[in-house]
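Data block below; observations after.
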Amino acid sequence: MTDDLIRPSRRRLLRGVIAATGAGLLAGCDALSRNEGFVDLLGSVEPLNQRLQRFLTGDRLAQEFPASMISPVFRPNGSIDPQTPEYLALKANDFSDYRLRIRGLVEKPLEFPLDALRAMPARSQITRHDCVEGWSVIGGWTGVPLAALLDLARLRPGARYVVFHCFDDLSNDGSRYYESIDLVDAYHPQTIAAYAMNGAAIPVANGAPVRMRIERKLGYKQPKYVHTIELADAYARFGGGKGGFWEDQGYDWYGGI
Ligand SMILES: Nc1nc2c(c(=O)[nH]1)N[C@H]1C(S)=C(S)[C@@H](COP(=O)(O)O)O[C@H]1N2
Ligand SMILES: [Mo]
């Protein structure tokens with residue numbers, strides 16, 4: 001059957017579905033808006049969750065690739081074997097005591113063991129990673145959409161940035177790698193807390209056990225070894241104040257691709 005042949009009936013079907021849903025929604029909303037409790041609930045939820053999800057994420061996706069294009073080696077860069085005591089302790093137990101923490105401007109601070117993350121609805125994506133040093137690699141990632149984690153923790157008013165705290169001390173001065181993004185990128189569908197790379201646990205060199213993939217950003221905005229995701233009104237009070245480890249050295253905060 002050619003496309004031309006099936007298209008007209010599909011269109012009719014679609015029209016029918018839209019009409020039916022539209023009518024159902026209208027009746028439902030009308031009935032619900034007469035219930036004051038529901039209106040109050042909408043008033044409190046709408047500004048934070050629904051508005052963010054509906055309007056801030058309506059942006060373009062980074063290109064995704066077929067599995068045949070995955071690079072044989074996902075070249076590691078920056079920290080590749082963190083030596084901070086807290087990381088070494090977790091690594092010694094194969095990360096069984098690891099928790100991904102959500103805190104800051106949220107109603108409900110949360111902690112996720114790896115098993116809990118793996119049990120959540122996942123997203124997989126094969127994308128190209130571009131480092132400002134001038135190389136690119138293609139890799140496959142699986143993880144939990146950051147949007148889902150933020151929805152569980154529920155943002156508090158004033159939350160504008162997501163700050164990622166990492167285990168590693170790249171500059172060897174007692175500080176820790178960190179990064180930050182705004183809520184547009186936080187709610188982007190390809191922004192995931194990844195726990196797998198190319199179908200296996202993420203190797204230590206690439207950020208085990210959890211690293212972010214924020215696919216419309218350059219390499220330095222893909223924090224590895226993440227332990228805490230903090231919601232904040234501003235990023236100036238973290239690290240050197242410019243929003244990230246490399247930003248503090250002069251790199252651009254937005255770092256988009
Ligand atoms: N915690 C942490 N995250 C980091 C870095 C780092 O040194 N530490 N390096 C960044 C840079 S510059 C790049 S290019 C990528 C490298 O990721 P990869 O090691 O998986 O290739 O991680 C980014 N995230
Ligand atoms: Mo990089």
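Annotations for the structure displayed:
- Selection among SER71, GLY143, GLY174 by position relative to the dipole of the range 68-196 gives GLY143 as farthest towards the positive end (Cβ unit charges, Cα centre).
- Taking 7 Å steps out from each Cα toward its Cβ at LEU61 and GLU86 produces label points 3.5 nm apart.
- Computed lengthening from ASP94 to ARG156, 0.36 nm per intervening residue step minus Cα-Cα distance: 18.9 nm
- Cα-projected label distance for ILE70 with ALA205, points at 7 Å along beta-carbon direction, nm: 1.6
- The H on the amide N of GLY104, modeled in the peptide plane, is under 5 Å from the matching H of LEU231, each at least 5 residues off or on a different chain.
- Footprinting exposure proxy for VAL184, VAL210, VAL137 (fewest neighbouring C-beta atoms within 10 Å first): VAL184, VAL137, VAL210
- Ranked packing of 202-208, 123-129, most packed first, by mean Cβ within 10 Å: 202-208, 123-129
- Each of the peptides 242-253, 71-82 was scored by the mean count of other Cβ atoms within 10 Å over its residues; in descending order, highest first, they stand as 242-253, 71-82.
- The range 63-248: relative contact order as a whole-number percent, Cα under 8 Å and 6+ apart: 26
Each value in this text was obtained by applying a stated rule to the coordinates, not by laboratory testing. Note that the coordinates shown come from a computational prediction; the quantities given were computed from them, not determined experimentally. Every residue, glycine as well, gets a Cβ built from its backbone with ideal geometry; the counts of neighbours run over all protein chains shown.
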